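As structure tokens, the structure follows; a few thoughts come after it.
The values are calculated or read from the model by the stated rules, or taken from the named source; none is laboratory data. Computed from a predicted model, the values in this text were never measured in an experiment. Because the Cβ atoms are built from the backbone with ideal geometry, glycine has one as well, and the counts that use them run over all protein chains shown.
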Amino acid sequence: MARLFGTNGVRGVVNQDMNSELALNLGKAIGTYYAKKKERPFIAIGTDARISNHMLKSACISGLLSVGCDVEDLGILPTPTLQYAVKEKNYDAGVIITASHNPPQFNGIKVVDGDGTELAKEQEEEIEDIYFSKNFRIVSWDKVGQLSSWDGAIELYINGILSKVDVESIRSANLHVVLDCGNGAGGVVAPELLRRLGCKLTTINCELDGLFRGRPSEPIPENLGELMKKVKEVNADLGVAQDGDADRAIFIDENGNYVFGDQSLTMVARYIVREKGGGTVVTPVSTSSALEDVVTREGGKVVYTKVGSPIVARVMKKLGAVFGGEENGGLIFPEHQYCRDSAMTIAKVLEILSKEGKKLSEIIRELPRYELVKLKTACPNEKKKEVLEKIKDIAKNENARKIDETDGVKIYTDDGWVLVRPSGTEPIFRIFAESKKRKRAEELASRYKGYVERFATGTS
């Protein structure tokens, strides 16, 4: 069967592969799926700040209404804000029009279930089956859904975060934060949240702009030069950058240095496990060993999953984990909600700084340091399985210390590890390698990239 959903919903270039007809029919398919569970589903819908949102939202709403769903429009808001509203206000599902960190010509549609979590693969496949077969529910004229709007989602969400952190401790620390929302949806939440937490606030790119004229939406080092410079210039305690739909947060220390996502993940995990006296932390197999080092030392344990935040969230829920997340700045706090949430992440990091009374750079220096190298290489989809089997054989012949097949093949050596995994959305393999020494990590990544290229082209 053809696939519509990728790793994070349905995405494409606007008016090419992501158009109003797709949004209309996907709305019908989503509504038909939820109508199997309830006669008249109540669906929340929202958007990020992209200029194509009105077109796609209107089409998707029309599709939902036409199959008998009632729809409530929550306006422009971060993805985790919509997820929180769905969970707290008892909608049957939610739809967010967003392409997260992708360039402005892209847009997408993501569906969340009634508990606010992203859909499982099986649910996506059922919606895809309805979409491609066009087996949509048909309702009579008097059963067509009704459209309403609600502007209370942001207030509900901010209050939810404030109830989960030590507000007084944060306020007493008088922290100065430079906030860069990247012209994305975070601009309608994060500035107000930080003001309520008593922070001195300097803002960059916090105005909504669907063209992302301030900076590209992905919060990687090369896109955050202005933020790094501003943190030093105004003598701030830290900087924070969000991606386009504000489910991920990246931090800059007081010296203007970029804090990588695996470092912030490890820092928060240490704090939470230490506070709770143990507990399970869930993360993908691609995460740095620093996390397991720290969590184990604090009396907790790490459980590894396939790559993808919905998978991490579901395993967390199943195991009753105290914390989880990915190395890209997407952290999940189960006491708040089972999804990546940048605003909750920001508030928790501020709590850590206020409680520990240390500078961000000092806390980062306390964490174990590993060198992580990421590479990718082309491979036809039809050859991925064969290539993976050959990589396993190579690992066995090289006397690997341990081989983990949770997601692709992760090969542990005496001084590091290398992960070789096929992309679920592109004809490529991704190679991650880690060691205490940069040169060794580069050597591992390069060697296994070479193996993949050799097997993919049949030159072995």
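Key figures
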read-out: Test for residue 433: is it among the hydrophobic types (A, V, I, L, M, F, W, C) and out of contact with any helix residue (DSSP H, G or I) (no Cβ under 6 Å at 6 or more places or on another chain); value: no
read-out: Matching residues in region 122-147 - criterion: being in contact (Cβ under 8 Å) with a residue 60 or more places away in the chain, farther than 23 Å from residue 19 by Cα and not in a loop (DSSP other than H, G, I, E, B); value: 143
read-out: Among residues of region 394-428, those that are modelled with pLDDT under 90, under 15 Å from residue 444 (Cα atoms) and assigned to a loop (DSSP other than H, G, I, E, B), counted; value: 4
read-out: Pair list, Cβ < 8 Å and 6+ apart or interchain, from region 374-388 residues that are part of a helix (DSSP H, G or I) to residues that are among the small types (Gly, Ala, Ser); value: 383/456; 387/456; 388/408
read-out: The lone exception for residue 246 - which of (1) within 27 Å of residue 99 (Cα to Cα); (2) surrounded by fewer than 24 Cβ atoms within 10 Å (Cβ to Cβ) it fails; value: (2)
read-out: Residue in region 55-78 that is surrounded by 19 or more Cβ atoms within 10 Å (Cβ to Cβ), under 22 Å from residue 159 (Cβ atoms), touching a Cys at 6+ places or on another chain (Cβ under 9 Å) and in contact (Cβ under 8 Å) with a residue 12 or more places away in the chain present; value: no
